[in-house]
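S.K.: Structure incoming, see below.
Coordinate-derived values only; no laboratory data. Worth saying up front: this structure is predicted, and the values here are computed from it rather than measured. Positions of Cβ are backbone-derived with ideal geometry, glycine not excepted, and every protein chain shown enters the neighbour counts.
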Amino acid sequence: MIIAIDKNLPILIDESSGRAIAEALGLTPRGTIYVVLRALQSGRLTSPEARDTISSMVSSGFRIEPNLLERILREISLF
């Protein structure tokens, strides 16, 4: 977080308490899902690769609210 503050950069963090601390420090927290979606938008991942990546994350224990997961998968299918 110190480097992100010093360089005025977003910070990659998924944990809700860590995100809250980052926000309190004036940082812009981004999560793993954000990175996957940006890779999709930039053409670094295909839609099936993005979907597989998210599915693999969830299968491996990544916690995400079902409604949010549904919305993300729907967004991925638009690409």
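S.K.: Once the piece of chain linking ASP6 and ALA24 is laid out straight, how much longer is it, given 0.36 nm per residue of separation minus the C-alpha distance between them?
M.R.: On the way: separation 18, 0.36 × 18 = 6.48 nm, distance 1.51 nm.
Working it through step by step, the gained length comes to 5.0 nm.
S.K.: Sort 50-57, 2-9 by the packing proxy (mean of other Cβ within 10 Å over each peptide's residues), most packed first.
M.R.: Values: 50-57: 16.5, 2-9: 10.2.
Highest mean packing first, the order is 50-57, 2-9.
S.K.: Still on this structure, please answer the following. Excluding ALA4 itself, calculate the net charge of residues whose Cβ lies under 14 Å from the Cβ of ALA4, where each Lys or Arg counts +1 and each Asp or Glu counts -1. Don't jump to the answer; show the numbers that get you there.
M.R.: On the way: positive: LYS7, ARG19, ARG30; negative: ASP6, GLU23.
That sum, taken over residues with Cβ under 14 Å, equals +1.
S.K.: For ARG30, list long-range residues whose amide hydrogen, built 1.01 Å from N in the peptide plane, is under 5 Å from its own amide hydrogen.
M.R.: For ARG30, the qualifying residues are ILE11, LEU12, ILE13.
S.K.: Suppose every Lys and Arg Cβ carries +1 and every Asp and Glu Cβ carries -1, with no other charges. What dipole size does the stretch 32-79 come out with about its Cα centre, to the nearest 20 debye?
M.R.: Details: 6 positive and 5 negative charges, 20 e Å.
The dipole of the stretch 32-79 has a size of about 100 debye.
S.K.: PHE79: net charge of surrounding residues, Cβ under 13 Å, Lys/Arg +1, Asp/Glu -1, itself excluded?
M.R.: On the way: positive: ARG38, ARG44, ARG51, ARG74; negative: GLU49, GLU75.
Its environment carries a net charge of +2.
S.K.: Something else: In whole angstrom, and with the biggest value first, how far do the Cα coordinates of the chain range along each principal axis?
M.R.: Result, largest extent first: 37, 25, 19 Å.
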